[in-house]
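Input: a single structure, listed below in structure tokens.
The values are calculated or read from the model by the stated rules, or taken from the named source; none is laboratory data. These numbers were taken from a predicted model, which means no experiment stands behind them. Cβ placement follows ideal geometry from the backbone for every residue including glycine, while neighbour counts extend to all protein chains displayed. Accessible surface is based on the protein model in full, side chains and every heavy atom, while ligands, DNA and RNA are left aside. Shrake-Rupley method; radii C 1.70, N 1.55, O 1.52, S 1.80 Å.
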Amino acid sequence: MFKIYLASSNPHKAVEMSRFLEGVASVEVPSHYQPVKEEGRNFRENALLKARSLSLRMPGKLVLGEDSGLVVPYLGGAPGIKSHRFSTGGTDLSNIEKLLEAMKDARGEERRAYFVSYGVLIRDGEVLWEGEGRVDGIITQEMRGEGGFGYDPVFFYPPLGRTFAELTPEEKNAVSHRGRMLEGLRRFLLDKLKEEQ
Ligand code: ITT
């Protein structure tokens, strides 16, 4: 079993990751974790910034940085890397309200959107693995479901006919951007285990 330190202040991410990597790696946020300024130009740069900053304080340890967000082509790619701070309030609810307001005239294909998750695993500043996951969906007209976090209540996933907030954690992980990113990481870790035996 590997022990991965996650550079994140979002507890939902750690929960989703721990479930997904169960049996291969444990995922925990160190108690001294301090958020970094996300000044990167894209998801990858922000994931690297988060991972590098924590890695400096955790010599020899495996550190994962992840940056994610919702991309809406109709809004020119917004909220994108600013997904967490899209609205002034910055809460999940105020972000969703701002999104639905910005999309009130969008119809059909214009309501298409996708989530992206970019992950970087590093140790002592060296990138051991990096990868991306993406999932396509439709922005609903109103919120549906209680599960998940962030924009999940307005992200409708056509193959399952429900919003991400209406899925069980296992169902979400099986198809989500983060799950797809983590699948790549899981394969890397399993290969690494084999090498070490
Ligand atoms: P850290 O940077 O500390 O990890 P954060 O929540 O700010 O925490 P991001 O900068 O990666 O993380 O922003 C991700 C935002 O994108 C998140 O706050 C949500 O608004 C949205 N988001 C990402 N993944 C999501 C998911 O699975 N479901 C719903 N919304 C998601």
**OP:** Kindly provide the set of residues from region 152-190 that are touching a Pro at 6+ places or on another chain (Cβ under 8 Å) and more than 14 Å from MET17 (Cα to Cα), ordered by number.
**Re:** THR163, PHE164, ALA165
**OP:** Return the total of residues in region 62-96 being crowded, with 16+ Cβ neighbours inside 10 Å, more than 18 Å from the chain's Cα centre (by Cα) and farther than 11 Å from ILE139 by Cβ.
**Re:** 2
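Hey, any hits in region 157-171 for a residue that's in contact (Cβ under 8 Å) with a residue 60 or more places away in the chain and buried (at least 21 other Cβ atoms within 10 Å of the Cβ)?
First, the residues of region 157-171 that are in contact (Cβ under 8 Å) with a residue 60 or more places away in the chain: 169-170.
Filter once more, keeping what is buried (at least 21 other Cβ atoms within 10 Å of the Cβ): none.
No, that holds for no residue.
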Subject >> Residue that is farthest from LEU182 (Cα to Cα) [pool: residues in region 51-68 that are within 14 Å of the ligand (Cβ to nearest atom) and among the hydroxyl-bearing types (Ser, Thr, Tyr)] >> reply: SER53
Subject >> Any pair with Cβ under 9 angstrom, 6 or more apart, that starts in region 105-116 at a residue that is assigned to a helix (DSSP H, G or I) and at pLDDT 95 or above and ends at one that is surrounded by fewer than 17 Cβ atoms within 10 Å (Cβ to Cβ) and charged (D, E, K, R) >> reply: none
Original post:
In region 70-95, what count of residues is obtained for those that are among the β-branched types (Val, Ile, Thr) and near the ligand (Cβ under 9 Å from one of its atoms)?
Top reply: 1
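Given the criteria under 18 Å from ALA51 (Cβ atoms) and open to solvent by less than 10 Å² (accessible area, probe 1.4 Å), does GLY179 qualify? Give the derivation first.
Values: under 18 Å from ALA51 (Cβ atoms): no; open to solvent by less than 10 Å² (accessible area, probe 1.4 Å): yes.
So GLY179 does not fit the description; no.
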Subject >> Members of region 97-125 found to be open to solvent by less than 10 Å² (accessible area, probe 1.4 Å) and more than 30 Å from LEU56 (Cβ to Cβ), listed by number >> reply: LEU99, MET103, ALA106, ALA113
**OP:** Check whether at least one residue in region 98-112 is under 20 Å from the mean Cα position of the chain (by Cα) and more than 12 Å from the ligand (Cβ to nearest atom), and report yes or no.
**Re:** yes
**OP:** Collect the residues in region 130-143 that are within 21 Å of the chain's Cα centre (by Cα) and open to solvent by 40 Å² or more (accessible area, probe 1.4 Å), keeping them in residue-number order.
**Re:** GLU130, GLU132, ARG134, ASP136, ILE138, MET143
Subject >> Test for ARG186: is it within 24 Å of GLY60 (Cα to Cα) and in contact (Cβ under 8 Å) with a residue 40 or more places away in the chain >> reply: yes
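Looking at region 36-50, is at least one residue hydrophobic (A, V, I, L, M, F, W, C), away from the ligand (no atom under 11 Å from the Cβ) and open to solvent by less than 80 Å² (accessible area, probe 1.4 Å)? Don't jump to the end; show me each part of the working.
Filtering region 36-50 down to residues hydrophobic (A, V, I, L, M, F, W, C) leaves 36, 43, 47-49.
Keeping just the survivors that are away from the ligand (no atom under 11 Å from the Cβ) gives 48.
Next, from what is left, pick out any that are open to solvent by less than 80 Å² (accessible area, probe 1.4 Å): 48.
Yes, the conditions are met somewhere in region 36-50.
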